[in-house]
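Colleague: Would you mind keeping the following structure in view while I ask a few things?
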Amino acid sequence: MSQMTGKNSITSKQFNRGLLLKLIATQTCRTRIDLSKATGLTKMTVTNIISEFIQQGLVAESEEEQTEVCGRNPILLEISEKAPRVIGLLIFRDRIEAVLCTLSMEMLAAESIHFDSLTEEQLYVYCFSVIDRLLEKEKNILGIGVAAIGPVDIWKGVILNPPRFYGIQNVPILEKLKKRYAFPIFFDHDNNSAALAERLFGIGKNVQDFLFLGISNGIGSGIVSGGEIYHSHRGIPPEIGHISIDRRGPLCVCGNRGCLELYANTDIVLKKLRAAAGMRASCDGDSRAPVRASSAKLCQPPENASFAGFCRMPQTAETEAVFEEMLQDVSAALVTSVNILHPEMIVLGHDCIDWDERHVRRLEELVNNRKVVHDQSLLPVRKAHFGKEAQLIGAACNVADQMFKGALIL
Ligand SMILES: [Zn+2]
């Protein structure tokens, strides 16, 4: 978008309506008085807007809050049952998911299609199919939010050239969806969307600056800066997975060497864990085995085990060494990002949700020991509130956020 383009500015009334709705939907404020205090708007302004919301079926008054104090109890406000719903669409390497949510991000229904091969045409068919199934359940829809694996062009709504995506490139997904559906449709990167969900409704609700890190078969990130998702002018999201942790390391598909993704993506680490567990099993009885398995069952290397599976198993020196190496690698790239961004929190998503809490604490320790600013303040590392659903809920949040900013008028 050119800097010279004229802008139809959002009126202050639209802005105030969006803000009040956001505070109610996120349960930050439950009463008119709280809304007035939180926004600095007069009680009259708040009362007028809430009356409009109630008339429109956006907000409902719930049962009075029981308090010990004498006098009238305040009436609690919540998003109405009659309020429009939002649809989130998530495009991953191995599946397409769609979710139907309230404006408070309660999940009402979900649909998904899994695949191990895909053409561009199939991608559209699958997207339409999961959305259509949700539309059969609900007609009162505010809009559709899309979240996709990167790299993407956020402004054009195009999935550019994700590695390991069956050779599919330059997918104009936003344009295709807009041709088929009459709703407002918004597009963003999957980890930006996850960061948005955590910022609006999750662990980052009261955090102005944080970094979302998602580790799966790729490693991605989303940045919240000054309370907003960071969007570059070029529309390309941050790619923490391609921070080099060894400039002499192996060549990455991106052209750089020693990218974090080459060492610490889930597939690679699970492969190392299987090898570590397998060595333990096959070496049982072998003098080189430092840890003896106590039963035959424990000797079986878990072929399809996830991080959660490995964390449930009794730990050995070998498997712990693999986890430690992964955490050292991840912390190296994280510290580089932390020294540039100085976030208040790091939020972990995707397969990090399966990590044991002691691995999260170890990562926190490594990052805090190595970051350049040592000012006694701990940089917390936390798992996402929405867990593995953060990207999917985030897709739906791409619509809600536009409503909360006053850009979608009802
Ligand atoms: Zn790379």
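The values are calculated or read from the model by the stated rules, or taken from the named source; none is laboratory data. Worth saying up front: this structure is predicted, and the values here are computed from it rather than measured. Every residue, glycine as well, gets a Cβ built from its backbone with ideal geometry; the counts of neighbours run over all protein chains shown.
Colleague: Would you be able to tell me the number of residues in the stretch 369-410 that are among the acidic types (D, E) and touching a residue at least 24 places away in the same chain (Cβ under 8 Å)? Give the derivation first.
Modeller: Within the stretch 369-410, the first condition is being among the acidic types (D, E), and the residues that meet it are 375, 389, 401.
Among the residues that remain, those that are also touching a residue at least 24 places away in the same chain (Cβ under 8 Å) are: 389, 401.
Qualifying residue count for the region: 2.
Colleague: Looking at (1) more than 22 Å from K383 (Cα to Cα); (2) within 15 Å of the ligand (Cβ to nearest atom); (3) touching a strand residue (DSSP E or B) at 6+ places or on another chain (Cβ under 9 Å); (4) in contact (Cβ under 8 Å) with a residue 60 or more places away in the chain, which one does P163 not meet, given that it meets all the others?
Modeller: Single failed check for P163: (3).
Colleague: Please report, ordered by residue number, the helices (runs of 4 or more DSSP H) entirely within the stretch 267-363 with at least 2 residues that are at pLDDT 80 or above and surrounded by fewer than 17 Cβ atoms within 10 Å (Cβ to Cβ).
Modeller: 307-312, 317-341
Colleague: What do you reckon, is I243 within 11 Å of the ligand (Cβ to nearest atom), hydrophobic (A, V, I, L, M, F, W, C) and closer than 18 Å to N339 by Cα?
Modeller: Details: within 11 Å of the ligand (Cβ to nearest atom): yes; hydrophobic (A, V, I, L, M, F, W, C): yes; closer than 18 Å to N339 by Cα: yes.
Yes.
Colleague: Anything in the stretch 246-273 that is away from the ligand (no atom under 11 Å from the Cβ) and β-branched (V, I, T)? List them, or say none.
Modeller: Of everything in the stretch 246-273, those that are away from the ligand (no atom under 11 Å from the Cβ) and β-branched (V, I, T) turn out to be T266, I268, V269.
Colleague: Condition first: aromatic (F, W, Y), over 20 Å from R93 (Cα atoms) and surrounded by fewer than 17 Cβ atoms within 10 Å (Cβ to Cβ). Now tell me which residues in the stretch 126-182 satisfy that.
Modeller: W155
Colleague: Just give me the residues in the stretch 370-401 being over 22 Å from W355 (Cα atoms) and either outside any loop (DSSP other than H, G, I, E, B) or acidic (D, E) (or both), in sequence order.
Modeller: If the condition is that a residue be over 22 Å from W355 (Cα atoms) and either outside any loop (DSSP other than H, G, I, E, B) or acidic (D, E) (or both), then D375, A395, A396, C397, N398, V399, A400, D401 are the ones that fit.
Colleague: With the condition kept exactly as written, say whether any residue in the stretch 204-214 is of a type in the set (D, E), touching a residue at least 24 places away in the same chain (Cβ under 8 Å), more than 27 Å from A38 (Cβ to Cβ) and not in a helix (DSSP H, G or I). Walk me through how you get there before you give the answer.
Modeller: Keep residues of the stretch 204-214 that are of a type in the set (D, E), which gives 209.
Imposing the further condition that a residue be touching a residue at least 24 places away in the same chain (Cβ under 8 Å) reduces the set to 209.
When the remaining residues are screened for being more than 27 Å from A38 (Cβ to Cβ), the result is none.
Checked the stretch 204-214: no residue is of a type in the set (D, E), touching a residue at least 24 places away in the same chain (Cβ under 8 Å), more than 27 Å from A38 (Cβ to Cβ) and not in a helix (DSSP H, G or I).
Colleague: Return yes when R247 is outside any helix (DSSP H, G or I), free of Cβ contacts under 8 Å to residues at least 60 places away in the same chain and touching a Lys or Arg at 6+ places or on another chain (Cβ under 8 Å) and no when it is not.
Modeller: yes
Colleague: Hey, could you check the stretch 73-124 for residues that are free of Cβ contacts under 8 Å to residues at least 12 places away in the same chain and farther than 14 Å from I393 by Cα and say which is surrounded by the most Cβ atoms within 10 Å (Cβ to Cβ)? Show your work before the answer.
Modeller: Applying the first criterion (free of Cβ contacts under 8 Å to residues at least 12 places away in the same chain) to the stretch 73-124 yields 73, 106, 121-122.
From the residues that got through so far, the ones that are farther than 14 Å from I393 by Cα too are 73, 121-122.
Details: N73: 13, E121: 9, Q122: 16.
Result: Q122.
Colleague: Pairs under 6 Å by beta carbon, first residue of a type in the set (A, V, I, L, M, F, W, C) in the stretch 258-269, partner within 8 Å of the ligand (Cβ to nearest atom), six or more apart or different chains?
Modeller: If the second residue must be within 8 Å of the ligand (Cβ to nearest atom), the pairs left are C259/H242; C259/S244; C259/C252; L260/G241; L262/C252.
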